[in-house]
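The values are calculated or read from the model by the stated rules, or taken from the named source; none is laboratory data. Bear in mind that the values here come from a model prediction, so they are computed numbers and not experimental data. Note that we place each Cβ from the backbone using ideal geometry, even for glycine, and neighbour counts take in every protein chain shown. In case anyone asks, the SASA skips ligands and DNA or RNA and just uses the protein heavy atoms, side chains included. Shrake-Rupley method; radii C 1.70, N 1.55, O 1.52, S 1.80 Å.
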Amino acid sequence: MDGMPSRPAAPQWIDLQVNGYGGIDFNSAGLTVGQVKSVTARLAADGTAGYLPTFVTGDPDVVCANLRVVAEARRTDADCRDRILGVHLEGPFISSEPGAVGTHPTAWVRPPDLALFARYQAAADGCVRLVTVAAEVPGMPDFVKELSARGVTVSLGHQLAATPGELEPCLAAGAKAFTHLGNGIPGMVPRHDNVVFTALAEDRASVMFIPDGHHLPDTMLRVYCRAVPLDRLVAVSDAQYPAGMPPGEYEVCGAHARLEPDGLLWNPARKCLVGATAPMAKMMALLKDRIGLTDAELLKIGRDNPLKLIGRN
């Protein structure tokens, strides 16, 4: 109506780590184009403008089949083409050690393998944009260098490596980020030489983190936002398929998981988290309300920086 102020558009976030959403799991056999379209539409309705479907360590045949489905969704659906900005491979080139492997199935963890990566990239129709690897695995610096030369962003995560000396070869080879910093590491780490401090002090790589109120305490979120220059912070959801579903028992990454009423999703056997259940919009609201970030700061870490990290700015 004339004279009525227009309502400002809600911010639209970019999420580099979405394993599934609304009961649909990108990592389960039998994924369909319709399901990919459904996830894409629901994420958009919940404030996520663009995202990377994320594939964790698993059976290569299943991973390839599902990558082909995502590629087909991008080819045949305009909304998927606009909103699916690429693919994130979170594994299988990670550590198999307890504490570092998290809830990833250890049977499918693999050392650096360019042939396997090429198989995944071909299945994804060339859309793999981000790969998470563990720095200490033998041969990883050369692997990082090759992926970086192919225009793929490499992030370090699910690893035991902690000291600057252990991480340096991969950083020098081109690694540009740390995956969900503070998670995917053992519960007990050295008090000084640990990956969190190393990442916070590292000027060459961005810090990806999960601000859902479960993965990191508010004190650590404050430290991240104070210690890291704003242009190196990247918020991600790490959403798993129970996101948007009622509390209860689920199977995530081939293992039993429990979704609590407060949104905590965890593996009772391994006593570890198995991803998050909040969309980016809710996480951004948490950072604003509990950490005190401004709208401009939120847009930087929840939209601009993620796009820049994967070369889509």
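Quick look at the values:
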quantity: Complete set of residues in the stretch 144-197 that are of a type in the set (S, T, N, Q), modelled with pLDDT of 85 or more, surrounded by fewer than 23 Cβ atoms within 10 Å (Cβ to Cβ) and part of a loop (DSSP other than H, G, I, E, B); calculated: Asn183, Asn194
quantity: Residues satisfying the stated conditions in the stretch 150-172, i.e. over 20 Å from Phe55 (Cβ atoms) and either touching a helix residue (DSSP H, G or I) at 6+ places or on another chain (Cβ under 7 Å) or in contact (Cβ under 8 Å) with a residue 24 or more places away in the chain (or both); calculated: Leu160, Ala161, Ala162, Thr163, Pro164, Glu166, Leu167, Pro169, Cys170, Leu171, Ala172
quantity: Residues (surrounded by 16 or more Cβ atoms within 10 Å (Cβ to Cβ) and out of contact with any strand residue (DSSP E or B) (no Cβ under 7 Å at 6 or more places or on another chain)) located in the stretch 24-36; calculated: Ile24, Asp25, Ser28, Leu31, Val33, Val36
quantity: Total residues in the stretch 120-161, condition touching a Cys at 6+ places or on another chain (Cβ under 7 Å) and within 22 Å of Ser96 (Cα to Cα); calculated: 6
quantity: Enumeration of residues in the stretch 198-221 that are closer than 24 Å to Lys271 by Cβ, surrounded by fewer than 21 Cβ atoms within 10 Å (Cβ to Cβ) and either without any contact (Cβ under 8 Å) to a residue 60 or more places away in the chain or charged (D, E, K, R) (or both); calculated: Leu216, Pro217, Asp218, Thr219, Met220
quantity: Residue ID - farthest from the chain's Cα centre (by Cα), chosen from residues in the stretch 75-97 that are open to solvent by 50 Å² or more (accessible area, probe 1.4 Å) and in contact (Cβ under 8 Å) with a residue 12 or more places away in the chain; calculated: Thr76
quantity: Pair list, Cβ < 8 Å and 6+ apart or interchain, from the stretch 53-64 residues that are at positive phi and without any contact (Cβ under 8 Å) to a residue 24 or more places away in the chain to residues that are open to solvent by 10 Å² or more (accessible area, probe 1.4 Å) and in a loop (DSSP other than H, G, I, E, B); calculated: none
quantity: Output for the stretch 153-174, where each listed residue is aliphatic (A, V, I, L, M) and within 15 Å of the chain's Cα centre (by Cα); calculated: Val154, Leu156
quantity: Tally, over the stretch 112-124, of residues that are open to solvent by 20 Å² or more (accessible area, probe 1.4 Å) and within 20 Å of the chain's Cα centre (by Cα); calculated: 2
quantity: Residue that is most open to solvent (accessible area, probe 1.4 Å) [pool: residues in the stretch 223-237 that are within 20 Å of the chain's Cα centre (by Cα) and either more than 15 Å from Pro306 (Cα to Cα) or among the aliphatic types (A, V, I, L, M) (or both)]; calculated: Leu230
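For (1) open to solvent by 40 Å² or more (accessible area, probe 1.4 Å); (2) at negative phi; (3) in contact (Cβ under 8 Å) with a residue 40 or more places away in the chain, each residue gets a yes or a no:
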{"site": "Ala239", "(1), (2), (3)": "no, yes, yes"}
{"site": "Met245", "(1), (2), (3)": "yes, yes, yes"}
{"site": "Lys271", "(1), (2), (3)": "yes, no, no"}
{"site": "Val274", "(1), (2), (3)": "no, yes, yes"}
{"site": "Pro279", "(1), (2), (3)": "no, yes, yes"}
{"site": "Ile291", "(1), (2), (3)": "no, yes, yes"}
{"site": "Leu299", "(1), (2), (3)": "yes, yes, yes"}
{"site": "Asn305", "(1), (2), (3)": "no, yes, yes"}
{"site": "Ile310", "(1), (2), (3)": "no, yes, yes"}
